[in-house]
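Single-structure report; data block below.
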């Protein structure tokens, strides 16, 4: 098993607490720790780079980055400066992970970033990191020391974004659920993008986003993680993803999509999110989310590994506390079964 594993840790608590927690994550066998970058989500999240910088100063091997940032709430030049600083602080352990900013955009009254803006931002970051002369609003800059190994990952769920990521990124954060069927489809789209760009097969690193809860009581885990599966239903390609997972067509969600404060996937009141997600079947939760015992989660990992992915980025349901239970369960109950 050559997969590496990462963990999503929200920017809650103090940066000093995150620094201490990062040591635990590194010791538990995780290779990377990424933190979401939605400023002041529900008034609770804080600056991602402050937290990541503190984590960089207490760890030795753990890769660190925003998971994910966007070109809206931070100008791409600002992001370039911040991630380069993190890379220098961590001695080359920074990852730049970027998406269109769905959850970040609506809290500032904007729409998600377009593919064109994502392509422009990626080109700018690539030029700067490679040490090329780069024009920034009429002023040309060149780094004194290039950072050519600083990777750019694009988060993607739809076919066009997956293909673009395959064409221009160093890696893809694949957000289509944990069903082998939907993941296999996503990998096909990434491969198509690689081919269109004239890149060799598997030029980009392929990382799966996997919501998970390790619990011997699967019914309890399914009920708890139902809002995570429901979040996929808002995507434009939800019907295709569920069909690829071997599930029936999803029901029409009447009226507006359920939106507990601030949204379904980041609900402050998780009980409310569960009540709003009753339209999602148990089968859909089990297909799109990793739920069950350590042995069952390990079996799902083996299925995904057989598709030739490179890594899994694990996340629990919580947006406003650290994923202690998931971290411990993966370390004690899942990882040993994969060795």
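A short reminder: the numbers here are calculations on the coordinates, not readings from a lab. Here the structure is a predicted model, which is why all the values come from computation and not from measurement. Positions of Cβ are backbone-derived with ideal geometry, glycine not excepted, and every protein chain shown enters the neighbour counts.
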Specify the residue with the greatest mean-square fluctuation among 219, 191, 31, computed from a Gaussian network of the chain linking alpha-carbon atoms under 10 Å apart.
219
Starting from the Cα gyration tensor of segment 224-338, multiply each eigenvalue by 5, take the square root, and state the resulting semi-axes largest first in whole Å.
25, 19, 11
In whole angstrom, the spacing between the Cα centers of segment 28-96 and segment 205-237 equals 24 Å
Sorted by Cβ density within 10 Å, fewest first, the residues 83, 108
108, 83
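Using DSSP, restrict attention to beta bridges with both residues in the chain and report what percent are antiparallel, rounded to the nearest 5. Mind dumping the intermediate values first?
Values: 3 of 35 bridges.
If I count the DSSP bridges inside the chain, around 10 percent turn out antiparallel.
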For segment 139-297: span of alpha carbons on each principal axis (Å, largest first)
53, 36, 35
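In deg cm²/dmol and to the nearest 500, what is the mean residue ellipticity at 222 nm of the chain if only DSSP H runs of at least 4 residues count, each as -39500 (n - 2.57), divided by the residue total? Numbers along the way, then the final one.
Values: 14 runs with 138 residues, N = 339.
Value at 222 nm, helices only, nearest 500: -12000 deg cm²/dmol.
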Remind me, relative contact order of segment 1-141 in percent, using alpha carbon pairs under 8 angstrom and six or more residues apart?
20 percent
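So for 290, 327, fewest C-beta neighbours within 10 Å to most, what's the order? Kindly include the intermediate steps, with their values, before the conclusion.
Working: 290 28, 327 20.
Fewest-to-most Cβ neighbours within 10 Å comes out as 327, 290.
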Distance histogram in 5 Å bins (all Cα pairs of segment 1-134, percent per bin):
2, 11, 20, 22, 19, 15, 9, 3, 0
Largest-first principal axis extents, alpha carbons of the chain, Å:
57, 41, 41
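Please work out the Kirkwood hydrodynamic radius for segment 178-227, using every pair of different C-alpha atoms, and report it in angstroms with one decimal place.
13.3 Å
In which sequence would 179, 127 go, from the one with the fewest C-beta neighbours within 10 Å to the one with the most? Present the calculation step by step, with values, prior to reporting the outcome.
On the way: 179 24, 127 18.
Lowest count first: 127, 179.
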Value of relative contact order over the chain, rounded to a whole percent, pairs C-alpha under 8 Å and six or more apart
18 percent
How far is helix 76-89 tilted off the main Cα axis of the chain, in degrees rounded to 10, range 0 to 90?
90 degrees
Segment 80-205 - percent relative contact order, Cα under 8 Å, separation 6 or more:
19 percent
In a Gaussian network model over the chain where Cα atoms closer than 10 Å are linked, find which of 246, 67, 294 has the largest mean-square fluctuation.
246
Largest fluctuation, 145, 78, 11 only, Gaussian network model of the chain with Cα springs under 10 angstrom, belongs to 145
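Under the √(5λ) rule applied to the eigenvalues of the Cα gyration tensor, what semi-axes describe the equivalent ellipsoid of segment 286-339? Give them in Å, descending.
Working: eigenvalues 73, 35, 24 Å².
They are 19, 13, 11 Å, listed from largest to smallest.
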